[in-house]
Structures are given as structure tokens and as C-alpha cells.
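A.B. asks: Got a structure here, written out as C-alpha cells. Questions coming.
The values are calculated or read from the model by the stated rules, or taken from the named source; none is laboratory data. Owing to the predicted nature of the structure, the values given are computational and were not obtained by experimental measurement. Glycine also receives a Cβ, built like all others from the backbone with ideal geometry; neighbour counts cover every protein chain displayed.
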């Protein structure tokens, strides 16, 4: 991402804002989907995050952190959608019902990732699919660094065992 | 850690990804279009506010204007400002035409605060608010209301709708003072502060204490019913004193009295049902009670109301599981560099502190510890203390904790800020609680 575009967007340039949003829209959608596991809510989360980030662009101090900053906003929007939609319902029960085959490229590892618990799948996804560092993930998900590390290790181990079990 | 993993596994993991939605570009473009429109709208926000005030005043004073406005698409939304969510009590009150004391406009040189859909009963005040800046096109502001004089609890919720922030404020009674305030005074005094939404710690304008008058004849009185039922447990007694029906909430007055050895620190679920309908619970699914001394009366509020129902044949109260803690030995002092494992006996069980570590990064201190315990522990507070003086330097309730049922261990992680750097951190953990199986139910009729 071009820092110059982010700087212009911070100063209120709407074309520059459109450019940077278009650059991150695909990865943002995937992160939202990983969190919410359905298309409609993921698109809502993206839309709300764009409006929110536009409003607060001026408050972004370091242009190089734009992507992390936007991702944090996106995750917060996802949390709001879950809170609004499901209340106190046990999400782990609902998760299996929300998965539809047609949203994945095929029945590869990604569907096993999406069956992990909320934090575990987000950590795996942000780390291996999106390339965030563990410190950045700790910041985005507002989890202690050590928790991120232990959850990452545990879920990788679990995934690997499942893959071996299914004979892949 | 991935060094231990098979390389092929990681390559496989990264190879496939979530398929993109066909509607992604359309959604993004629509959102970007809205950001472009917004700039134009904000320039006229002050005049819009002025028109809105006239409009709302007309709505309230003129039945024909209200009827006219309801027929215009878009304007109808302004009339229905309530964000009811799961608030069945407020919904019931609105359906039954509870009196709306709004709109009210409060201003100073720079800001206009619009209070609308103001509903009052003897246990609760609820309203929405919007803030307009008279001098700029920014609308990033929110009003904070304080009624501390009446010892009330308050909750706030903010929604962002079509480029505007609307706050919902809910203030509800802790006890009798609030009830007296509503009926004896006939007005309320509210301290109003304006804050910027992006910088919630800073007050940008203080509008001071403002008086809001209301007609007492339009506040509906609550209906009280005596229960006086005692629930005996081996950890103490729970007495249900009263059931109070108000237009927007139901209240149960309950007294907890502990025995010599234990605290009842909370109830997993305290459910209330009317005429065999589904149980409802106090705000929040688990009702937690203060730490410490225990012979107290609590007012539990439920977001449901049967105030307007003439015939209720049966009311049922159920308790599912209690949280308890022992009075003695519930504070443990621990150091980060001591020899482990370390064994502590608490409530007849051995708790083993297996490992403790600390980790400093950015401005944070993270303390992690692993505890072996036969039963799950709940709610642990951690305080970092100064080794020599025992003075508390900072603390937190546990941020994330997990319990393995097969291996019987907990992993707790606390993140603290502004703790001075030290070679060895000395801290105390306190107030572990156990959940006990307990089921109790009581039905009664109200006349």
C-alpha cells in the first residue's frame, strides 16, 4: 500500500480513500467472513467499517498502520454484528449451521480452519493467510500475546491431527 | 513454533482461501459513495437541527401534524427513535402508550442537545439524545448524563445511523431513593457533558446541571406485591421479599445472608416467569453480587413487564446453581521467580500453582499462570504488589482463562498497564469461586 495515498486520505482526499479501500477490500472481506461465517453479515461489516474509518481517518497518526487499524475496526464491527444477532446464544452450536460449502474454494484445510473456535480461527487466519505478526494479532484481537501464542500452537496441533486422521 | 510442524502442512494451509462474494465490489462502492455524500450533508447540519427542533415540537403539540408526518416516507423514522432491542419491558410500555416527555432541547453557545422519547416510571428513566455543533459541520459528539444524586445505575448504547450518532440512555433505580425522587420532586436535575466520540476521556463542553421538569400525574405508579419466601442453602439464606411491576421493568427485591464460613458470591441463573412463559433473567445472563460482606438487600431488574396485564395467575422464581467462596484463605501471594509447583489448600481442595511467567512488551505487563484444580475456579482477581510494603500497584480481573476438564488445569492470563519494570513481580490472586449444583423453584400467585 502506498503511504502517500494513506496520507492524502487522512487529509480528506476521497479519491485516495477509495484507492486504499479498494486495495484492502478482498483481504478485509475474507477476515470478516472468517469471523462471521456468512456472506451477508460480512458485507455489512465491510460497509460499516468503511463509513467508520472514513469518519475517523484524521485520527490515524501513522499511515503505515492503516491496514492494522482498519482490521481492528472491522473486527469490532464483526463483534457488534454477533452481539446484535445472537445475544447469549451459544455460538459454538450455531457455527456448524452457518457453514455453506459454496463459500470455500473446495473442501480443503480452510473449512477445517473455519470450524475452530472464534479466536483460534482468527489467529490462524490472520497469521497464515494474511501475514500479520503475533504482536499485531494480539493488538487487533485485544488478546494477551501469550494467549495468542498458546492458542496458535494448540489450534495448529489440532488441525494437523485432524488432517492426519482424515488421511490427507 | 511452526518449526515443529510439517512444512507441507503449512503450505497446504496457506494454499486455499475463502471465496470472495460476488457482491463485494458493489457493497464497497455503495459505502464509498455514502462517504462522498456525507461531506455535503454535514455542511447543512445546523440548519437541519433547527428544522428538526421545529418539526419535533410540532409533532408533539399538533396531532394533525403528527398524522401528516407519519404519512411521509423517511419522516416516520424520526418519530420512532426507540432502539428497543431485546427490551420487552420498554416495548410493552411503548405499545401501551406510556407518556413521552420529550422532545427537550438544551443548549449552550456551541452545542444543542436534543433529548427525545423520554419515558419515566418509578424505577427507570429512558431517553435518546443527539448532539449538534452550532459552529462546525462535525457531528462526532455525544452527551453524557449524570444523575448521581439519586444513586442510580445507568447504561448507554450508541448507534450510528445514516451518518449520525444516536445515544440511548437508560437510568434505573438501585433502591427507594429513586422512587422518592420521581414522585416527590416532579423534576430531575441532570449534569450534561459533551464528549467527542473519538476521544471519550475528554470533556469538550460542560453544560452543567440542567433541570428537566415533568408532570407527575403522567408518571404511572408501580405495583408492589409481598413475597417473603426464604430459600435455605448450606452456604446461607436467600430471601425473596417483594415483586414490583413497573411499566417498563419488573423488579425483585432479594436479601442474601451468608453463614459463618462461606459467601454466596453469585447465582448462575435467577429466572422469573409469568404464567409458565419462558424464563427471563436479570440484565446479563449471570447475576454477580459484590465481593465481601454479605447481608445485603439487592434490587434485581428484569427487562420485561406485565404491568399492563390485568390477569397474571402465577409467578415463578427459579435458581440454577450458586457461586460460592470461602471466607478464609482466599488470598494467595505469589512471586514470578519462585520454585514451582506450589500447593495451596482452598475450600478443601488442593490448588497447585504449576507455572508462573511474566512478559513485558510495549506498555503492557502480562502475567500468565497455570493452576491445577479438581473443580473449575471462577473469577480470579490479580493485584501486583510492592514486595516490601505490600502496597497494590495495579490489578485486573482475569482477561482470558481456560479450564481443561480432562487434565484439570486452568491457564490464566492477566494484562496490566503502567506497572513499573521489576526483575521479580510479586502479586496476589484472590477470590476464586466455585460453582455448586443447586436447583430451587418457588411459585406464587399475585392478586
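A.B. asks: Kindly indicate whether any position in segment A:110-119 is at pLDDT 85 or above and more than 7 Å from every other protein chain (Cβ to nearest Cβ).
C.D. replies: Quick first cut of segment A:110-119, residues at pLDDT 85 or above only: A:119.
Still in the running and more than 7 Å from every other protein chain (Cβ to nearest Cβ): A:119.
Yes; the residues of segment A:110-119 include at least one that is at pLDDT 85 or above and more than 7 Å from every other protein chain (Cβ to nearest Cβ).
A.B. asks: Working carefully through the options A:46, A:75, find the one that is in contact (Cβ under 8 Å) with a residue 60 or more places away in the chain and under 24 Å from residue B:19 (Cα atoms).
C.D. replies: Numbers: A:46 fails: in contact (Cβ under 8 Å) with a residue 60 or more places away in the chain.
Selected residue: A:75, the only one of A:46, A:75 that is in contact (Cβ under 8 Å) with a residue 60 or more places away in the chain and under 24 Å from residue B:19 (Cα atoms).
A.B. asks: Can you go through B:269, B:296 and tell me which one is assigned to a strand (DSSP E or B), under 20 Å from the mean Cα position of the chain (by Cα) and modelled with pLDDT under 80?
C.D. replies: Details: B:296 fails: under 20 Å from the mean Cα position of the chain (by Cα).
That would be B:269, the only listed residue that is assigned to a strand (DSSP E or B), under 20 Å from the mean Cα position of the chain (by Cα) and modelled with pLDDT under 80.
A.B. asks: Sticking with this one: Select from segment A:36-51 the residues that are surrounded by fewer than 22 Cβ atoms within 10 Å (Cβ to Cβ) and more than 7 Å from every other protein chain (Cβ to nearest Cβ) and list them in ascending order.
C.D. replies: Those that are surrounded by fewer than 22 Cβ atoms within 10 Å (Cβ to Cβ) and more than 7 Å from every other protein chain (Cβ to nearest Cβ): A:38, A:40, A:41, A:44, A:48.
A.B. asks: Just one of the numbered conditions (1) part of a loop (DSSP other than H, G, I, E, B); (2) at pLDDT 85 or above is not true of residue B:192; which one?
C.D. replies: (1)
A.B. asks: Sticking with this structure for a sec: Does residue A:73 satisfy the criteria of being over 30 Å from residue A:2 (Cβ atoms), in a helix (DSSP H, G or I), modelled with pLDDT of 70 or more and touching a helix residue (DSSP H, G or I) at 6+ places or on another chain (Cβ under 6 Å)?
C.D. replies: Taking the combined requirement at face value, the residue does not satisfy it.
A.B. asks: In segment B:420-434, how many residues are under 25 Å from the mean Cα position of the chain (by Cα) and either surrounded by fewer than 16 Cβ atoms within 10 Å (Cβ to Cβ) or assigned to a loop (DSSP other than H, G, I, E, B) (or both)?
C.D. replies: 2
Results for (1) part of a loop (DSSP other than H, G, I, E, B); (2) under 26 Å from residue B:281 (Cα atoms); (3) modelled with pLDDT of 85 or more; (4) within 19 Å of the chain's Cα centre (by Cα), shown as yes or no for each residue.
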residue: B:77; (1), (2), (3), (4): no, no, no, no
residue: B:89; (1), (2), (3), (4): no, yes, yes, yes
residue: B:101; (1), (2), (3), (4): yes, no, yes, no
residue: B:115; (1), (2), (3), (4): no, no, yes, no
residue: B:125; (1), (2), (3), (4): no, yes, yes, yes
residue: B:132; (1), (2), (3), (4): no, no, no, no
residue: B:137; (1), (2), (3), (4): yes, no, no, no
residue: B:144; (1), (2), (3), (4): no, no, yes, yes
residue: B:157; (1), (2), (3), (4): no, yes, no, yes
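A.B. asks: Moving on to the next point. For residues that are at the interface with another protein chain (Cβ under 10 Å from one of its Cβ atoms) and either at pLDDT 85 or above or crowded, with 16+ Cβ neighbours inside 10 Å (or both), scanning just segment A:155-168, find the one that is farthest from residue B:368 (Cα to Cα). Before you say what the answer is, go through the steps one by one.
C.D. replies: Taking segment A:155-168 as the starting set, the residues that turn out to be at the interface with another protein chain (Cβ under 10 Å from one of its Cβ atoms) are A:156-157, A:159-160, A:163-164, A:168.
Checking which are either at pLDDT 85 or above or crowded, with 16+ Cβ neighbours inside 10 Å (or both) leaves us with A:156, A:159-160, A:163.
On the way: A:156: 21, A:159: 25, A:160: 26, A:163: 31 Å.
Of everything passing the filter in segment A:155-168, A:163 is farthest from residue B:368 (Cα to Cα).
A.B. asks: Moving to a separate point now. Just to be sure I understand, how many residues within segment A:129-140 are more than 9 Å from chain B (Cβ to nearest Cβ), under 13 Å from the mean Cα position of the chain (by Cα), surrounded by fewer than 20 Cβ atoms within 10 Å (Cβ to Cβ) and part of a helix (DSSP H, G or I)? Steps first, answer last, please.
C.D. replies: Pass one, segment A:129-140, residues more than 9 Å from chain B (Cβ to nearest Cβ): A:130-134, A:136-137, A:140.
Going one step further and asking which of them are under 13 Å from the mean Cα position of the chain (by Cα), we end up with A:130-132, A:136-137, A:140.
Keeping just the survivors that are surrounded by fewer than 20 Cβ atoms within 10 Å (Cβ to Cβ) gives A:130-131, A:136.
Among the residues that remain, those that are also part of a helix (DSSP H, G or I) are: A:136.
Summing the residues that are more than 9 Å from chain B (Cβ to nearest Cβ), under 13 Å from the mean Cα position of the chain (by Cα), surrounded by fewer than 20 Cβ atoms within 10 Å (Cβ to Cβ) and part of a helix (DSSP H, G or I) in segment A:129-140 gives 1.
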